Amino acid sequence: MIQTLGDHVLIKKDKVEDDEKTTTYGLYIATSDFEQELPRGIVMSKGAGVPDTIEVGDHVVFATNIGAEVEEDGEEYLIMVYQYLYGKVV
């Protein structure tokens, strides 16, 4: 597992199901930039500079196109500064 440093967090992105992109008849639904939902994920690691309000295991929503994508043990993760986390999913 990757241990993040400073004010960074390691996020495991939630998988988007293909069913969410198609209708029940199998038609593809194109979404505009305005209709896209914010990505969600789970905090897997946090640096010492991350506030205590963010804990490992929290489900969060975060900014799009932010962070560095990394792969570890066949899993894909994002490393980003915690300020790009918009909120926790409760």
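The values are calculated or read from the model by the stated rules, or taken from the named source; none is laboratory data. Just so it is clear, the structure is predicted and the values come from calculations on it, not from any experiment. Here the Cβ is made from the backbone with ideal geometry for all residues, glycine too, and neighbour counts use every protein chain on show.
Worth a mention:
- Scanning segment 37-62 for residues that are loosely packed, with under 14 Cβ neighbours inside 10 Å and either among the aliphatic types (A, V, I, L, M) or in contact with a Ser or Thr (Cβ under 8 Å, 6 or more places away or on another chain) (or both) returns Leu38, Ala48, Val56.
- Boolean, Lys88 is touching a strand residue (DSSP E or B) at 6+ places or on another chain (Cβ under 6 Å), at pLDDT below 95 and surrounded by fewer than 17 Cβ atoms within 10 Å (Cβ to Cβ): no
- Cβ-Cβ under 8 Å pairs, at least 6 apart or on other chains, segment 1-20 side modelled with pLDDT under 95 and outside any loop (DSSP other than H, G, I, E, B), far side among the small types (Gly, Ala, Ser) and surrounded by 10 or more Cβ atoms within 10 Å (Cβ to Cβ): Lys13/Gly41
Condition check ((1) touching a residue at least 12 places away in the same chain (Cβ under 8 Å); (2) under 13 Å from Lys13 (Cβ atoms)) across all residues:
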position: Leu38; (1), (2): yes, yes
position: Gly41; (1), (2): yes, yes
position: Met44; (1), (2): yes, yes
position: Gly49; (1), (2): yes, no
position: Ile54; (1), (2): yes, no
position: Val61; (1), (2): yes, yes
position: Asn65; (1), (2): no, yes
position: Glu71; (1), (2): no, yes
position: Glu75; (1), (2): yes, yes
